[in-house]
1. Taking 19 Å as the cut-off for C-alpha to C-alpha distance, list the pairs among K113/K150; K33/K150; K32/K63; K113/K141; K33/K59; K55/K150 that go past it.
2. Mind grabbing the accessible area of E81 for me, 1.4 Å probe, Å², rounded to tens?
3. I'd like the distance separating the alpha-carbon centroids of segment 55-85 and segment 87-155, in whole Å.
4. Could you give the dipole magnitude of segment 88-173 about its Cα centre, charging the beta-carbon of Lys and Arg +1 and that of Asp and Glu -1, in debye to the nearest 20?
5. Would you tally the net charge around G120, using a Cβ to Cβ cut-off of less than 9 Å, leaving G120 out, and scoring K and R as +1, D and E as -1?
6. Mind grabbing the accessible area of D147 for me, 1.4 Å probe, Å², rounded to tens?
7. If you add up the charges near S85, with Lys and Arg at +1 and Asp and Glu at -1, over every other residue whose beta carbon is less than 9 angstrom from its beta carbon, what do you get?
Amino acid sequence: MKLRILVILVCVLIAGLKVSCSRTSREALLIKKYSCDSLEGIIHLSGVQIDAQVKNEGKRSLKFNLTEPSVIRLLETGDIEIEESTLVYQAMLRTEGIQGRVYLEMWCHFEGKGEFFSRGLDSPLSGTNDWTSMEIPFFLKAGENPDNVKLNVVCEGAGTFWVDDIRLLKRPL
């Protein structure tokens with residue numbers, strides 16, 4: 001009787017560990033986080049302001065007032081150790097009077113191969129929108145390890161948008 005109870009407890013424990021491990025393997029791992037509370041590391045400084053009034057998290061956000069279509073080069077990561085997984089660029093965006101579309105763009109550079117991109121053309125913003133979570137994936141096979149990642153926002157027309165809470169995540173394929 002005691003042996004039977006012990007076997008049942010061990011089986012329950014193994015099943016619980018199996019569920020826990022499979023759940024953990026599907027979750028995203030945070031690689032880098034940029035709060036947008038300052039201009040530190042921001043590449044495109046033309047037309048950008050730090051906005052302490054309109055923010056999603058932290059103390060401030062980045063505000064861009066554009067009069068023409070632009071590719072806003074926000075950040076570069078340098079070499080990161082990641083392969084055989086999904087690299088996810090995630091950011092919070094807010095728009096006001098945007099003509100055209102606003103979306104995320106990520107460029108991954110591979111030594112000896114060049115640059116390849118991912119764009120969020122499937123869910124762009126236009127017009128006026130409150131804070132919206134946006135993300136785009138880049139699928140990396142075994143042996144594919146970018147030596148630099150560029151995080152951009154593309155705006156196809158004039159208007160104002162804010163960026164906050166930029167994250168780079170790693171998810172399983």
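1. Where the Cα-Cα span goes over 19 Å, the pairs concerned are K32/K63; K55/K150.
2. Approximately 150 Å² of E81 is accessible to the 1.4 Å probe.
3. 9 Å
4. On the way: 9 positive and 12 negative charges, 44 e Å.
Value, rounded to 20: 220 debye.
5. Counting the neighbours of G120, the net charge comes to -2.
6. 50 Å²
7. Numbers: positive: K170, R171; negative: E83, E84.
Local charge sum for S85: 0.
The values are calculated or read from the model by the stated rules, or taken from the named source; none is laboratory data. Remember, it's a predicted structure, so these values are computed and weren't measured experimentally. Don't worry about glycine lacking a Cβ; one is built from the backbone with ideal geometry, like all the others, and counts go over all protein chains shown. We work out accessible area using only protein heavy atoms, side chains counted, and drop any ligands, DNA or RNA first. Shrake-Rupley method; radii C 1.70, N 1.55, O 1.52, S 1.80 Å.
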